[in-house]
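Just so you know, all these numbers are worked out from the coordinates, no wet-lab data involved. Everything numeric here is computed off the predicted structure, so don't read it as measured data. Cβ placement follows ideal geometry from the backbone for every residue including glycine, while neighbour counts extend to all protein chains displayed.
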Amino acid sequence: MIELQNIYKIYQVGEEEVRALDGVTLTVQDHEFVAIEGSSGSGKSTLMNIVGCLDIADEGDYYIDGQNVMDLSEHSLAVMRNKKIGFIFQQFNLLPKLTAYENVELPLIYQGLPGRERKIRVEESLMKVGLENRMFHRPNQLSGGQQQRVAVARALATHPSLILADEPTGNLDSKSTRDIMDLIHELHRQGNTIMLITHDTAIAREAERQVQLMDGKIVSDTARISASAKTEAADSEGSR
Amino acid sequence: MKFRQSVKMAISAVFSNKMRSFLTMLGIIIGVLSVTLLISIVQSGTGTITDAMSTLGGDQVTVSITEGEKRLLYFELDELKANEAVNIIAPYMSGKGVAKAGGKSKDVTVYGVTKEYDAINNLTLTGGRFLSELDREYRLNVCVLGAEVAEELFGRESALDRTVRIQGKDFRVIGVLEEEDEYAMNSTNRRVFIPLTTAQRIFKQTGITNFILTADNKAALRTAQTAVADFLDNKFSEDSDYTIINMAEILDIMGTVMNTLSLMLGGIAGISLLVGGIGIMNIMLVSVTERTREIGIRKAIGAQRSDITIQFMIESIFISLMGGVIGMLLSIVTLKVLNHFVTEVTFVISPSVAMLALSFSIAVGLIFGIYPASKAAKLSPINALRYE
């Protein structure tokens, strides 16, 4: 479970004070699929950095599975990113010189997992994204959609508490976009918690819950009644 | 295991940019090559020279009376022989001469010696005998030929009992010496030995101007040396009338000089190793900048600072170690080639020099890798991810 309470992130640009996040409070339950929607400058990148433990808020509290991230050292933050968060980036962010297999293996290496276990996890993840036939291809031998699927497999491999997808379809054509979105839905059905950050309303609407961000504040938080979402869960979320 | 993965990743990073890695290595290759080559050449040369000089005898002193008028008489040496520290005294004289036989002639060094000369130098004969006490006493015209002299005058025939004409006098050959190493400083190959007394007559010299003195050990040798000096000081008024050469002391001094030389040359060559190290640091810094995004990705998916540091450190150490190994192999090859052309000295690389050069190159990689690696590790993941 992800809990943000009164999060502030303020930048000093010259004389001016920019409130990138201005008192954000947000809870994401396990197995939820939330879209964070906002235009550029709304603070969604800052929010993603903080949720992804890449950055620390100036004020407020942030809990991942009950653990307060605010007082963690750099070392522990790296451990959090490694174990709790699975990143999916707009730019895919695969290492170009490593094969699909090695890219997916990398976070498991940093975890210190023994080789045999890594092999099981990597193959399982690549299987989930349907790339079991492309395991030893390099990113430049794969299409954009396939590269993003490798990135998804890398995010899944560590069995994270939260999959954090930052504009995952921003660099993809419409067909690949559909593929990736279908994959994300599938992962959600399998019980993963997903936070999708996007400026695209159509993409955001596919999530079971949409949170709209503007000028560092949450301006709306609505749930879509979907076949897969539990009605009561959506109700309790939507009432805030 | 995590370390093994880091090594694997570092090596593949080095190989993925072969040209650049090679050029970076080149600095270390040249550094290690010049260090090992120079030190090996000086050491091998020193070894050869000291070996040659020690055949002159490391446990003996050579006394020469330099003032033309002054002489020792043969019996006066008995006084020195009485000294406990002295083991053997061998008086000798030498002069240039020509040996002739059967229409052939050869320039030789004529040595007038006594049987003690053999006792000190342990000469080996292929036939006959060395000079005896009787030969000295009766000033016999007998001679012992060096190997090269015997071969040039008599070819494959036996020289024994043949006659050799030296300085217009006929000598009977009583012995032939075994061939000695050409480059040993005291090689007897081109010498002819005759009785001291006979030589004195031929070269019209009375008394003794040179003798070799041995002792059982270094300490005794020093005592003997002092005794000789005292003895000669009593005999002659000025101590500049004679010189005493202690081969062991000369060898010591030469050893010190050669050590200093190899240290100096090694130091100068070491500078190129240092420059190579700076090259590594430079290229690693470029590499860190180029791979900012990669570092960002690694950090985002959970790499610790230490993971990044280790990765870059291994890369720089790997480059410098590989450069060191290549430089070492090149210097071994160079020395082998050199050995084909230079026969006087056998050049070898000593294990200690090899170890030193390799550990030096590892140290260079370590020292010059620290800064770029820590720079990489300190990058903030957000900025690094945003880097284009």
Taking N as the number of residues in segment A:4-75, what value does Rg over Cα atoms divided by 2.2 N^0.38 Å take?
-> 1.14
Listed by chain and number, the residues whose amide H is under 5 Å from that of A:Met214, excluding neighbours fewer than 5 places away on the same chain and using placed H, are A:Val219
Mind giving me the nanometre distance, one decimal, between the label points for B:Thr260 and B:Arg386, set 7 Å out from Cα along Cα→Cβ?
-> 6.2
Which whole number gives the average, over all residues in A:90-100, of C-beta atoms from other chains lying within 10 Å of the residue C-beta?
-> 3
Electrostatic dipole magnitude of segment A:1-75 [Cβ: Lys, Arg +1; Asp, Glu -1; Cα centre; debye, to 20] | 200
Candidate aspartates and glutamates - alpha carbon under 17 Å from B:Lys336, same-chain residues fewer than 8 apart omitted = B:Glu344
Return the Cα extents of segment B:172-331 along principal axes one, two and three, sorted largest first, each rounded to a whole Å.
-> 99, 40, 26
Expected max-MSF residue from B:Thr126, B:Thr198, B:Thr46 in the GNM of chain B (alpha carbon, under 10 Å) is B:Thr126
Ranked list, fewest to most other Cβ atoms within 10 Å of each Cβ, for B:Phe75, A:Phe92 = B:Phe75, A:Phe92
Segment B:60-246: relative contact order from alpha carbon pairs under 8 Å, six or more residues apart, as a whole percent, is 37
If amide H atoms are modeled at 1.01 Å from N in the peptide plane, then the residues at a separation of 5 or more from A:Glu59, or on another chain, having amide H under 5 Å from its own are A:Tyr8
Note, segment B:332-342: 3J(HN,Hα) by Karplus (6.51, -1.76, 1.60, θ = phi - 60°), whole Hz, Gly/Pro = x, goes 5, 4, 4, 5, 4, 4, 4, 5, 6, 9, 9
Show the residues, 5+ positions off or on another chain, whose built amide H is closer than 5 Å to the amide H of A:Gly86.
-> A:Leu162, A:Ile163, A:Leu164
Would you list, by chain and number, the aspartates and glutamates whose Cα falls below 19 Å from the Cα of B:Lys106, excluding same-chain residues fewer than 8 positions away?
-> B:Glu148, B:Glu151, B:Glu152, B:Glu157, B:Asp161, B:Asp170, B:Glu178, B:Glu179, B:Glu180, B:Glu182
Per residue of B:302-308, count partner chain C-beta atoms within 10 Å of its C-beta, then hand back the mean as an integer.
-> 6
What lysines sit close enough to B:Lys218 to cross-link, taking a C-alpha to C-alpha distance under 25 Å and skipping anything fewer than 8 places away on the same chain?
-> B:Lys81, B:Lys115
Point-charge dipole on Cβ atoms (K/R +1, D/E -1) for segment A:108-233, about Cα centre, debye to 20 | 420
Most mobile listed residue (A:Val18, A:Val211, A:Val69) in chain A, GNM with C-alpha springs under 10 Å | A:Val18
Can you pull the percent of Cα pairs in segment B:60-246 with separation above 25 Å?
-> 37
Mind telling me which of A:Leu156, A:Leu213, A:Leu26 comes out most flexible in a GNM of chain A, alpha-carbon contacts under 10 Å?
-> A:Leu26
For B:Asp230 and B:Glu76, compute 0.36 nm times the residue count separating them, minus their Cα-Cα distance, and round to one decimal in nm.
-> 54.1 nm
Taking the dipole about the Cα centre of the protein assembly as shown, with the C-beta of Lys and Arg at +1 and of Asp and Glu at -1, give me whichever of A:Ala204, B:Asn339, B:Gly47 is farthest to the positive side.
-> B:Asn339
Among beta bridges that DSSP assigns inside the protein assembly as shown, antiparallel share in %, nearest 5 | 70
Using a/c under 1.5 as the rounded threshold, could you call chain A rounded, prolate or oblate? The axes a ≥ b ≥ c are square roots of the C-alpha gyration tensor eigenvalues, and prolate needs a/b larger than b/c, oblate otherwise.
-> prolate
What is the sum of charges around A:Gln12, taking Lys and Arg as +1, Asp and Glu as -1, for the other residues whose C-beta is under 13 Å from the C-beta of A:Gln12?
-> -2
Ranked highest first by the average count of other Cβ atoms within 10 Å around their residues, in what order do A:59-66, A:162-169, B:373-380 fall?
-> A:162-169, B:373-380, A:59-66
Normalised per residue, the volume inside the convex hull of the alpha-carbon atoms of the protein assembly as shown in Å³ amounts to 243
Please turn the phi angles of segment A:25-31 into ³J(HN,Hα) values with the Karplus equation 6.51 cos²θ - 1.76 cosθ + 1.60 (θ = phi - 60°), one per residue in order, whole Hz, x for glycine and proline.
-> 10, 7, 10, 10, 6, 4, 6
In square nanometres, what is the average projected area of the Cα convex hull of segment A:69-157?
-> 6.0
Furthest towards positive pole of dipole, B:Thr163, B:Thr188, B:Val86, structure part segment B:79-208, Cβ charges | B:Thr163
Once the piece of chain linking B:Lys18 and B:Ala119 is laid out straight, how much longer is it, given 0.36 nm per residue of separation minus the C-alpha distance between them?
-> 29.8 nm
For segment B:11-103, just the Cα set please: Rg and Dmax, both in angstrom.
-> 28.9, 84
How large is ³J(HN,Hα) for each residue in segment A:154-163, as worked out from phi by the Karplus curve 6.51 cos²θ - 1.76 cosθ + 1.60 (θ = phi - 60°), to whole Hz, x for Gly and Pro?
-> 4, 5, 6, 4, 8, 6, x, 6, 9, 9
Could you state the principal axis extents of the C-alpha atoms in chain B, from the largest down, to the nearest angstrom?
-> 105, 51, 34
Counting partner chain Cβ atoms within 10 Å of every residue's Cβ in B:289-301, what's the average?
-> 5
With +1 at each Lys and Arg Cβ and -1 at each Asp and Glu Cβ, the charge dipole magnitude of chain A around its Cα centre, to the nearest 20 debye, comes out at 1100
If B:Phe341, B:Phe193, B:Phe130 are placed from fewest to most neighbouring beta carbons inside 10 Å, the sequence is B:Phe341, B:Phe130, B:Phe193
Which of the pairs A:Lys9/B:Lys375; A:Lys44/A:Lys119; A:Lys84/A:Lys175; B:Lys104/B:Lys169; A:Lys44/A:Lys97 have their Cα atoms more than 24 Å apart in this structure?
-> A:Lys9/B:Lys375; A:Lys44/A:Lys119; A:Lys84/A:Lys175; A:Lys44/A:Lys97
